[in-house]
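Engineer: Questions regarding the structure given below will be posed in turn.
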Amino acid sequence: LLLFSAIAIVWYWVFGRDNKTADELNEFAQPNGYLRSYKHSALSETLAITYKDRITSCFNDTTIYLDSNLSLELLAKDLQIPKHYLSQLFNVYFKKSFHSFVAEYRIKYVLELLNTNNGRLKIESLAYSCGFNSKTSFNRYFKEKTGFTPSAYQVQLNRQSA
């Protein structure tokens with residue numbers, strides 16, 4: 001019976017599995033939180049945390065995100081962080097793209113403006129003044145963040161203030 005059990009276990013390990021390693025089964029996750037594409041990155045965990053804090057402080061303490069020309073390159077230069085590390089930080093530590101990260105701050109700012117002005121601002125001009133280069137991307141990120149289109153949100157605000 002033991003011999004049969006041992007043969008069955010070996011059979012399962014050799015033929016019963018898809019012969020995939022743990023890395024293949026969990027293609028993107030790594031034990032230290034890195035995506036597979038960053039497995040060989042020279043960015044240490046300590047330096048990553050320092051850079052992450054620098055990014056967070058920059059976005060919380062300034063309005064850099066309102067600049068419609070803000071790019072990964074400009075931010076890297078401004079924060080003195082290598083561009084490839086900056087990209088890695090957004091993807092791994094913030095778990096979002098650079099554009100999504102910036103859009104979140106922009107939408108948060110838009111919501112503050114709308115709430116303090118009781119929704120009486122022009123949506124399109126608000127979008128452009130907050131750094132969005134297109135109404136489409138503004139609408140998409142706004143709905144993603146709030147669950148409403150900007151105009152529906154504005155109507156709701158107007159009803160609440162009436």
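Engineer: Among the helices (runs of 4 or more DSSP H) lying completely within region 49-134, list those that include at least 2 residues that are open to solvent by 40 Å² or more (accessible area, probe 1.4 Å) and closer than 24 Å to residue 155 by Cβ.
Structural biologist: By residue number, 98-116, 123-129.
Engineer: Restricting attention to region 135-162, report how many residues are modelled with pLDDT under 90, open to solvent by 80 Å² or more (accessible area, probe 1.4 Å) and assigned to a helix (DSSP H, G or I).
Structural biologist: The number of residues fulfilling the criteria is 2.
Engineer: So in region 28-43, with the set limited to residues that are more than 16 Å from residue 94 (Cα to Cα) and open to solvent by less than 90 Å² (accessible area, probe 1.4 Å), which one is modelled with the highest pLDDT?
Structural biologist: Ranking the candidates gives 42 first.
Engineer: Among residues belonging to region 117-141 that are touching a residue at least 40 places away in the same chain (Cβ under 8 Å) and over 14 Å from residue 103 (Cα atoms), point out the one that is farthest from the chain's Cα centre (by Cα).
Structural biologist: 118
Engineer: Right, another one. Taking region 65-84 on its own, how many of its residues are small (Gly, Ala, Ser) and touching a residue at least 60 places away in the same chain (Cβ under 8 Å)? Explain how you work it out, then say what you get.
Structural biologist: Within region 65-84, the subset small (Gly, Ala, Ser) is 68, 71, 76.
Still in the running and touching a residue at least 60 places away in the same chain (Cβ under 8 Å): 68.
The number of residues fulfilling the criteria is 1.
The values are calculated or read from the model by the stated rules, or taken from the named source; none is laboratory data. These figures come from a predicted structure and were not determined experimentally. No Cβ is skipped: glycine too gets one built from the backbone with ideal geometry, and neighbour counts run over all protein chains shown. Note: accessible area is taken over every heavy atom of the protein model, side chains too, but ligands, DNA and RNA are not part of it. Shrake-Rupley method; radii C 1.70, N 1.55, O 1.52, S 1.80 Å.
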